[in-house]
């Protein structure tokens, strides 16, 4: 009844270029870097079951076929052809890709070509700063180069993303650090740092956030499993500046993310990976997100990384959950059909096009 | 199947006396004082869709008609006649009205007359103290006048309400402040205060709470979006004193509010505005509240303010969600029908009548 | 469609040996030691309604019959015969019994005989330490006797359980306390303690936890209504040591418990009492738990204490909720039937058999 044939994926990564064995494939289904518990497998998760539901038919197999059978067929087709078949079945017309992850992942042009779609870059602030640090010898040099790098990224990328909050505490002080603080923190970080060292200093994380806010590009904030209400003060401090904040991904605090999106005009909430991870339970999670969030403030993403299967399940679970929830409300008489279809298109693509300034 | 024709609205406000344009009307649908985000409207929310579902038919229009059409009809009928039609369609037989809000809102007699219902007053503690401060010149005078004002309010009002917790942190020290502390805080507040200044001092907020507890009247505590478990120590400190605490409204921590209501005999939980704000998703929120809360500890409210449309959707959404959830459990065989009907009447009206000492 | 005829109850207590009147029976349905609020009864709760649904037919009465009628029939049959009829209708083949509660409760052999089932012991760490303290005169004696008691318990019991976290804060320091700290805390505790005194010292609670971890037996951690994410650091500190942690019971933070189970291979989550307490709403709670938790990481328990009726409703509600949720997903096409049946058996019994090393 309610359909969303065209999606904008507001946050994902590329896919692996290499052929995968069963174990490597399984490892990408887990939520942790380590192995599964003895006697268990990451295929026995909602994500694993969703991959087995949606992906085998796209490669010519029965849904729910055994993982080994699926992997054999995947290798038979080859990583490129299976990637093409999978990505082109997602309905995703535009990928916004966080290119700041390590690993042999496809970049923008390959994502666009493989998926027959548009692809735009999301710049990860921490990685940008680390790259600048690798080539800057002095505090002044680093800060000037960073400012230039942020300025340049804002001209070519559609958004910035920051993982610092999820990794180092959402409760960073909300205001921008003063110039002296930034210089001091930079000096200490550069002095202690080896090439490739990660950025975890809270003063510099705040400086990065505010540099992105000053650019005017939407800033995606990863909240992990933390409570996004910890970002309330930062949201208040950035209100009215003209830069939008997008909370990623927000489960299990998706109701809190929706609350923030309802009280701050410039705050938006993601509805993607929470669904991809919860699989058969996704309709409930989506319905909960739709309780408080204004319908113009929610954006789909797959959050997928590494496996095109994850782009598939992200998109399919979202589309099915959205259709189920909204159709149910239409059947109940709570919503009229035209409103439901309109809201579906907003969350699937329209809101993202407006927030990121994408062409139709 | 399950019906609740008569409601006691345990917490609401009056309605605006003036004709409203589209923009002013829309502003009352938002959860924030500011405008909606660019490209969005507060009509595109669960509350907005619920208003468009339930209210147009009460004014002779099709459900889900466009907002402008609804507002035109509303002006055609006039604010008084549309208010009468709307309020009288709520099923609310008794309004408990927090009269402590600014704005040109109807008072008790008008609410009663317009809605063909009873209306009783809820006294907002912070406003009471601010009014007393406006007319008291000394610390002694203020404290004596405040005690008298609380005593007087307890004689005429059905309950006290405090918003101080939601605004200034639920984690106020649970015990009553000592007389010296109260005198000191009063002196500082009165000295710094200008006429009309708000009360935010934590010592005085605690003194107000405990003054209300001593009166024996139920005390409604606004928890906002905070975790009501922060009130655990205050609940423990007030247990056995004979005064009931009512948590308002509790979303998204409604399960925590239900938990408190299940472990403290004198703690009650509200089930109203959480439903009005979540609209089509209200049945799930209500079901979650009913997981842990004893059925004698939940009370309906609309939480409505300003628009009689909000009283309508508060009441309609509640009644429909309650009927849906309880009927479903009856169909499943989990509950018997007579229990379901009995519990529905308790939450809709009976519990409030018992807690607030209202006549049938 | 989906059935789980055989259950392992991974956490419960014995049942009362004495005949019960209506008031004493009702008291066991509440979640607090005190009486219900005036005008209310603990029968008007999800647990109360579930008892009236499931238990009367097992004693030859109509479902939902009045409590007084049920209690009369229960006394007519006698506590032993009614206990036999009730426990044998649960489908529980193996009880893991926390024997560390006061009161005239049946022990392992009686639970096994009455329920026609296996029964194994769970040793409550705090009680073990308190018993050792009752018979130890010196710090050295206490610590040596405690080590021996833990060692002995690990040889005969299937698991340890600790309630210290839920009672005294989950945010205990994660690392094991040093020997000097333990000796100091022991000295202070023994000096201040009277026979029968409870153990609440955080250093000793940590020492107990780590003694249990060193034993290799699974350690059940009670989280109460607190957020199990507070245990993240303890989970990280115990990762890779070969001892499993089981979070009990986790509501209303069951999604957080599921998250921990998904990111730490050695962390498991309980799905029992949260269902027993939420009754008709249990399917939603179970579905939420199944959103993120790997299916090999969830274990059923009844959490029942005192009344065999609570073992019945724990088991029945779990089985019905599980069948409903998984069957729904099969009907939707999200899961295939064989996977659903397999997962059901894992959560009902298989995972517990693997984690606790129980024979089939």
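The values are calculated or read from the model by the stated rules, or taken from the named source; none is laboratory data. These numbers were taken from a predicted model, which means no experiment stands behind them. Reconstructed Cβ throughout: ideal geometry from the backbone, glycine too, with neighbour counts over all protein chains shown.
State whether the residues of region A:283-296 include one that is assigned to a loop (DSSP other than H, G, I, E, B) and farther than 26 Å from residue A:48 by Cα. Before you say what the answer is, go through the steps one by one.
Here is the first cut: in region A:283-296, the residues assigned to a loop (DSSP other than H, G, I, E, B) are A:293-294.
Now narrow it down to the ones that are farther than 26 Å from residue A:48 by Cα: A:293-294.
Yes, that holds for at least one residue.
Every residue in region A:183-208 that is in contact with a helix residue (DSSP H, G or I) (Cβ under 7 Å, 6 or more places away or on another chain) and assigned to a helix (DSSP H, G or I), please.
A:183, A:185, A:186, A:187, A:189, A:190, A:202, A:203, A:204, A:205, A:207, A:208
What number goes with the only condition from (1) assigned to a loop (DSSP other than H, G, I, E, B); (2) within 13 Å of chain C (Cβ to nearest Cβ) that residue A:53 does not pass?
(1)
Which number in (1) outside any loop (DSSP other than H, G, I, E, B); (2) free of Cβ contacts under 8 Å to residues at least 24 places away in the same chain marks the one condition that residue A:334 misses?
The single condition residue A:334 does not satisfy is (1).
Can you pull out every residue in region A:236-267 that is away from chain C (no Cβ under 14 Å), part of a loop (DSSP other than H, G, I, E, B) and without any contact (Cβ under 8 Å) to a residue 60 or more places away in the chain?
Across region A:236-267, the qualifying residues are A:239, A:240, A:241, A:242, A:243, A:264, A:265, A:266.
Which residue out of A:272, A:281 is buried (at least 24 other Cβ atoms within 10 Å of the Cβ), modelled with pLDDT under 95 and within 14 Å of chain B (Cβ to nearest Cβ)? Walk me through it before giving the result.
Details: A:272 fails: within 14 Å of chain B (Cβ to nearest Cβ).
Being buried (at least 24 other Cβ atoms within 10 Å of the Cβ), modelled with pLDDT under 95 and within 14 Å of chain B (Cβ to nearest Cβ) holds for just one of A:272, A:281, which is A:281.
Name every residue in region B:150-172 that is at pLDDT below 75 and outside any helix (DSSP H, G or I), in order of residue number. Full working, then the answer.
The first filter runs over region B:150-172 and keeps only residues at pLDDT below 75, leaving B:165-170.
Result: B:169, B:170.
Check region C:68-88 and report whether any residue there is surrounded by fewer than 16 Cβ atoms within 10 Å (Cβ to Cβ) and within 14 Å of another protein chain (Cβ to nearest Cβ).
yes
Whether any residue in region B:342-356 is more than 13 Å from chain C (Cβ to nearest Cβ), within 28 Å of residue B:55 (Cβ to Cβ) and surrounded by 18 or more Cβ atoms within 10 Å (Cβ to Cβ) is what I want to check.
yes
For residue A:226, are the conditions met, namely being in contact (Cβ under 8 Å) with a residue 12 or more places away in the chain, away from chain B (no Cβ under 14 Å) and either surrounded by fewer than 24 Cβ atoms within 10 Å (Cβ to Cβ) or touching a strand residue (DSSP E or B) at 6+ places or on another chain (Cβ under 6 Å) (or both)? Walk me through it before giving the result.
Numbers: in contact (Cβ under 8 Å) with a residue 12 or more places away in the chain: yes; away from chain B (no Cβ under 14 Å): yes; either surrounded by fewer than 24 Cβ atoms within 10 Å (Cβ to Cβ) or touching a strand residue (DSSP E or B) at 6+ places or on another chain (Cβ under 6 Å) (or both): yes.
So residue A:226 fits the description; yes.
Taking region A:89-104 as the search range and keeping residues that are touching a strand residue (DSSP E or B) at 6+ places or on another chain (Cβ under 9 Å) and surrounded by fewer than 18 Cβ atoms within 10 Å (Cβ to Cβ), which one is nearest to residue A:356 (Cα to Cα)?
Ranking the candidates gives A:101 first.
Mind checking which residues of region B:209-233 are in a helix (DSSP H, G or I) and more than 10 Å from residue B:245 (Cα to Cα)?
B:209, B:210, B:211, B:212, B:214, B:215, B:228, B:229, B:230, B:231, B:232, B:233
All but one of (1) in contact (Cβ under 8 Å) with a residue 40 or more places away in the chain; (2) loosely packed, with under 14 Cβ neighbours inside 10 Å; (3) within 20 Å of the chain's Cα centre (by Cα) hold for residue A:21; which doesn't?
The failed condition is (3).
Every residue in region A:297-314 that is more than 12 Å from chain B (Cβ to nearest Cβ), part of a helix (DSSP H, G or I) and more than 11 Å from residue A:13 (Cα to Cα), please.
Passing the criteria: A:309, A:312, A:313, A:314.
In region C:67-87, how many residues are touching a helix residue (DSSP H, G or I) at 6+ places or on another chain (Cβ under 8 Å) and not in a helix (DSSP H, G or I)?
Counting residues in region C:67-87 that are touching a helix residue (DSSP H, G or I) at 6+ places or on another chain (Cβ under 8 Å) and not in a helix (DSSP H, G or I) gives 0.
For the condition under 27 Å from residue A:101 (Cβ atoms) and either crowded, with 24+ Cβ neighbours inside 10 Å or at pLDDT 95 or above (or both), what is the one hit in A:292, A:307, A:326? Quick ask: steps written out before the conclusion?
Numbers: A:292 fails: under 27 Å from residue A:101 (Cβ atoms); A:326 fails: under 27 Å from residue A:101 (Cβ atoms).
Within the list A:292, A:307, A:326, the selection yields A:307.
From (1) under 19 Å from residue B:336 (Cβ atoms); (2) crowded, with 18+ Cβ neighbours inside 10 Å; (3) more than 8 Å from chain B (Cβ to nearest Cβ), pick out the condition that doesn't hold for residue C:60.
(2)
Of the conditions (1) assigned to a loop (DSSP other than H, G, I, E, B); (2) touching a helix residue (DSSP H, G or I) at 6+ places or on another chain (Cβ under 6 Å), residue B:10 fails just one. Which one is it?
(1)
Only one of A:119, A:129, A:133 is buried (at least 18 other Cβ atoms within 10 Å of the Cβ) and assigned to a strand (DSSP E or B); which?
A:119
Give the residue that is nearest to residue C:66 (Cα to Cα), with candidates limited to residues of region C:30-50 that are more than 9 Å from chain B (Cβ to nearest Cβ) and modelled with pLDDT of 95 or more. Outline the logic, then answer.
Residues of region C:30-50 that are more than 9 Å from chain B (Cβ to nearest Cβ), as a first pass: C:33, C:43, C:47.
If we keep only those that are modelled with pLDDT of 95 or more too, we end up with C:43, C:47.
Details: C:43: 10, C:47: 14 Å.
Ranking the qualifying residues of region C:30-50, first place goes to C:43.
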